Amino acid sequence: MRVVVAEDLFLLREGLVRLLKARGFEIAAATDSAPGLLDALLEHRPDLAIVDIRLPPTHTDDGLRAALSAREQIPGLPILLLSQYVEQIYAQELVADQAGGVGYLLKDRVFSDDQFVDAIRTVAAGGTVMDPQVVVKLLGRRGRGEREPLSTLSERERQVLELMAEGRSNSAIANRLFISEKAVSKHSTSIFTKLELVPSDDDNRRVLAVLAYLMSAPHQGRRTPPSR
């Protein structure tokens, strides 16, 4: 699997490169800036881009912008975002095209190389990986006065929806909640009905549809991310 890595911190970038090489990945390019990332993605057309959201020149959302620009020219290009904070609009823009192959992980919550490599393989295969903290913030992001479709869900349905949005299969959800897969399927059908989403046997399309719906409210303006 060919990977492009974009991270402006030298030690972290080199650490990622060494880890990936040790696990059998081919590093097509490693860059420390958004322009370098865009050039590398368009030149090498890798199987996956691992991207720090904040890259030079402005250290705001340059990494995301470069990745999304490349994805417009390479439809379905798998992108795994790395960040130190949860910012809803980044997840929203990442899944907007519903093409699959997307991930959003918080740097300080990647606890093992196995976990990280599993996330890489899932995203590269067209799946979705979202850190639970990102999902939790998305689930509770609507403010007073906004339409709240989640209010119609039962507590168990909300639990199932959160685990679905994390990219878990019905089997994994059943194990997590100590219920049967048949019960998970029943809850899922009810969730899609209440949220007016068409059920699908494709886990990735299901997750993307749920995330896209949860993030469908108009954004109230871009915030400047906190400093590192």
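Derivation of every value follows stated rules applied to the coordinates shown; laboratory data play no part. Everything numeric in this text was worked out from a predicted model, so none of it was measured. Here Cβ is always computed from backbone atoms with ideal geometry, including for glycine, and neighbour counts include all displayed protein chains.
Given the peptides 63-74, 179-190, arrange them by the average over their residues of other C-beta atoms within 10 Å, most packed first. Could you put the intermediate results ahead of the total?
Working: 63-74: 19.5, 179-190: 15.9.
Top of the packing list down: 63-74, 179-190.
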Highest to lowest packing among 19-27, 49-57, 123-131, scored as the average C-beta count within 10 Å: 49-57, 123-131, 19-27
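In terms of the ratio Rg/(2.2 N^0.38 Å) built on C-alpha atoms, what value belongs to the stretch 26-68? Provide the component values of the computation, followed by the final result.
Numbers: Rg = 9.5 Å, N = 43, 2.2 N^0.38 = 9.2 Å.
My calculation over the Cα atoms of the stretch 26-68 gives 1.03.
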Å³ per residue enclosed by the Cα convex hull of the stretch 23-94: 91 Å³
